[in-house]
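Input: a single structure, listed below in structure tokens.
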Amino acid sequence: MADIFLPTLHTFAMKNTFTGSCGLLRFKIVPKVEMLTPKEVDMQNSSIFAEFWHGELCYEKSQMEGQATFPMSEEGRAALKAWLEENI
């Protein structure tokens with residue numbers, strides 16, 4: 001099975017969207033970040049939203065086949081990766 005690359009949790013905590021692929025699997029990950037202070041992320045109330053599709057077309061021209069939300073934690077990031085790998 002191919003290994004899917006996901007950036008570090010810090011990348012998502014800094015409000016960075018990430019798109020990736022593995023074979024024909026395409027995915028888009030968008031963090032939903034809540035802040036405790038202007039410089040401190042509220043990890044407890046933040047989450048990571050992901051969608052996937054299969055094919056060669058871009059996000060805007062594709063129909064999503066699945067979506068899920070995961071906690072903003074290392075466990076949530078691992079669960080997200082496992083979920084994507086199940087759908088390769």
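Select from segment 66-85 the residues that are among the small types (G, A, S) and either open to solvent by 50 Å² or more (accessible area, probe 1.4 Å) or assigned to a helix (DSSP H, G or I) (or both) and list them in ascending order.
Result: G76, A78, A79, A82.
Filter segment 11-56 down to the residues that are in contact with a helix residue (DSSP H, G or I) (Cβ under 6 Å, 6 or more places away or on another chain) and not in a strand (DSSP E or B) and list them by number.
Matches in segment 11-56: E34 only.
Which condition does V33 not pass, out of (1) open to solvent by 20 Å² or more (accessible area, probe 1.4 Å); (2) out of contact with any Asp or Glu (no Cβ under 9 Å at 6 or more places or on another chain); (3) under 20 Å from A78 (Cβ atoms), if it passes all the others?
(2)
Filter segment 46-65 down to residues that are among the polar types (S, T, N, Q) and in contact (Cβ under 8 Å) with a residue 24 or more places away in the chain and give me whichever is least open to solvent (accessible area, probe 1.4 Å).
Ranking the candidates gives S46 first.
Only residues in segment 24-41 that are in contact (Cβ under 8 Å) with a residue 60 or more places away in the chain count as the first member; pair them with residues that are part of a strand (DSSP E or B), Cβ under 7 angstrom, at least 6 apart or cross-chain, and list the lot.
Close Cβ pairs (under 7 Å, with a partner that is part of a strand (DSSP E or B)) amount to L25/F52; L25/H54.
Select from segment 1-31 the residues that are closer than 21 Å to N87 by Cβ and not hydrophobic (A, V, I, L, M, F, W, C) and list them in ascending order.
Those that are closer than 21 Å to N87 by Cβ and not hydrophobic (A, V, I, L, M, F, W, C): D3, P7, T17, T19, G20, S21, G23, R26, K28, P31.
In segment 2-59, what residues are at positive phi and touching a strand residue (DSSP E or B) at 6+ places or on another chain (Cβ under 8 Å)?
K15, G55
Could you tell me how many of the residues in segment 1-27 are modelled with pLDDT of 95 or more, charged (D, E, K, R) and surrounded by fewer than 18 Cβ atoms within 10 Å (Cβ to Cβ)?
Here the count works out to 1.
The values are calculated or read from the model by the stated rules, or taken from the named source; none is laboratory data. Predicted model, so just to flag it, every value in this text is computed and none were measured. Virtual Cβ from ideal backbone geometry, glycine too; neighbours counted across all protein chains shown. For accessibility, only protein heavy atoms count, side chains too; no ligands or nucleic acids. Shrake-Rupley method; radii C 1.70, N 1.55, O 1.52, S 1.80 Å.
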